[in-house]
1. Those residues that are part of a helix (DSSP H, G or I), touching a residue at least 12 places away in the same chain (Cβ under 8 Å) and over 18 Å from the mean Cα position of the chain (by Cα), I need them from the range 112-146; list them, please.
2. For the range 273-281, does any single residue satisfy the condition of being in the same structural domain as L192 (by TED's automatic domain parsing) and part of a helix (DSSP H, G or I)?
3. When the residues of the range 66-91 are filtered to those that are surrounded by fewer than 15 Cβ atoms within 10 Å (Cβ to Cβ) and among the hydrophobic types (A, V, I, L, M, F, W, C), which remaining residue is modelled with the highest pLDDT?
4. Any residue in the range 297-312 that's in contact (Cβ under 8 Å) with a residue 40 or more places away in the chain and at positive phi: show its pairings with residues that are in a helix (DSSP H, G or I) and of a type in the set (D, E, K, R) at Cβ separation under 7 Å, as long as the two are six or more apart or on different chains.
5. Quick one: would you say S267 is in the same structural domain as A200 (by TED's automatic domain parsing) and at pLDDT below 95?
6. Answer yes or no as to whether A358 is small (G, A, S), free of Cβ contacts under 8 Å to residues at least 60 places away in the same chain and either in contact with a strand residue (DSSP E or B) (Cβ under 8 Å, 6 or more places away or on another chain) or closer than 21 Å to L263 by Cβ (or both).
7. Just to check your reading of the model, which residue among L368, L357, L398 is part of a helix (DSSP H, G or I), crowded, with 22+ Cβ neighbours inside 10 Å and in the same structural domain as A228 (by TED's automatic domain parsing)?
8. Just to be sure before I move on: is L241 of a type outside the set (S, T, Y), in the same structural domain as A369 (by TED's automatic domain parsing), out of contact with any strand residue (DSSP E or B) (no Cβ under 9 Å at 6 or more places or on another chain) and buried (at least 17 other Cβ atoms within 10 Å of the Cβ) in the structure I sent?
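The values are calculated or read from the model by the stated rules, or taken from the named source; none is laboratory data. What you see is a predicted model; the values in this text were computed from it and never measured. Cβ placement follows ideal geometry from the backbone for every residue including glycine, while neighbour counts extend to all protein chains displayed.
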Amino acid sequence: MVTTDHDAVLRARVLLMGSGRPSRAELVGAYRVLAEVSPKVYVPKLVDALLALRHESRDPKADLMLAAEASRAARTMEAEAPNRAEQPHRTERLQRAERLRRALDAYQASLFALGHRAEGRAICEELAEAGRSEPLASVLAEEGRFREATELDEEAARNGSPEHSFWNMVRWAANLEGAGLHDAASAVFRELLEETRREAAEQRTALAILTWGLVHFSRMREAVGDEASAAAARREALSVLEELATTGEPKNWSCILGWWRTLFVLSGRAAEPAASPESPMPPFGTEPPWSGDVRDGFLGMLPALEAEAARLRGADRLPELIDVRRRIGIRAAVREGTHPYLFKDRFTPYFDEGVTLARRLPHNHARLARALTDRSMFLVAARSFEPAHADFAEAVTLLHDR
């Protein structure tokens, strides 16, 4: 039998009814007390307050405790909810389900931030059962379990809302590639390109996004030796770039750097170690934030890569140096590739260096074309369309003349 502390209940009510503005910590304390006596009213408020307090926190261990408590509270809401389908209760059911998803999402993120992968994966599985499969798909991809991830990706892509189709389809195609299903991956990406073309024609998306998609598709097909499809995609991308260089974007779009970053980072997956449960890697094809431990590990490779680049530079081993410097540039994009402030100034040195080094290899057309393409797509992101067109036109010529 639970004994109610009536004094604590009174203090909590006085706090909430007072004229002052309680802190988030005070609200959590009050809702904890009142949730015991009036759970239907105060458990939802407790979940929201715990998640808000976690958002303010800078202590990963405190974050974990708050998210765990929010998840326990949200689960009780679902467990105690009446199993009825009357229309008046539909909104309430949806609100309960959304609170549970938010709480579990915060919980899994906090677990991964502290390196608790097994526990985090279990919460992602619970989250998928609650209707949000994307975190579990990402975790499976991080561990190299691509075939399992693609099953979740297909469901999410087919049920996703139109505004999220790019992210769902790119992740799905990336995981199909990771599983070695290259033709299936290309079929998914072709579907995405068809939708992107329609949206661009109706001015519902940027021509820049269409350009990035076409260039990425050309890389996908080139990787499996389908040069005809790769060349066709490059020609179409060059045509779109010519339009951008001549007239610019028909509409002014808000920040779209996430599209560029996602595809640029994905283009570097083959150069990275293979993902496994024992050595997870980023879920390429998705936008950060990734699992905290994976992101930290990926960026944590930078000192070793910088040291390797210095060694290769000293030995004048240009091909390997170009490849390592590209891996460094990709990590820079992960770290700050969607920050628009001084974007061009911050990233130009990475891409200029890649082209400069590649030009010192006069007979290595593939590396120079890749460096020019990288710089061209970056310049599109920086809205410098004329030099972007010039770079990509040179890349297309180099690849045609191989």
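1. R117, I123, E126
2. Within the range 273-281 (the criterion being in the same structural domain as L192 (by TED's automatic domain parsing) and part of a helix (DSSP H, G or I)), the answer is no, since none of the residues qualifies.
3. Here the answer is A79.
4. Pairs that qualify, where the first residue is in contact (Cβ under 8 Å) with a residue 40 or more places away in the chain and at positive phi and the partner is in a helix (DSSP H, G or I) and of a type in the set (D, E, K, R): there are none.
5. no
6. So A358 fits the description; yes.
7. Result: L368 is the single residue among L368, L357, L398 that is part of a helix (DSSP H, G or I), crowded, with 22+ Cβ neighbours inside 10 Å and in the same structural domain as A228 (by TED's automatic domain parsing).
8. So L241 passes the test.
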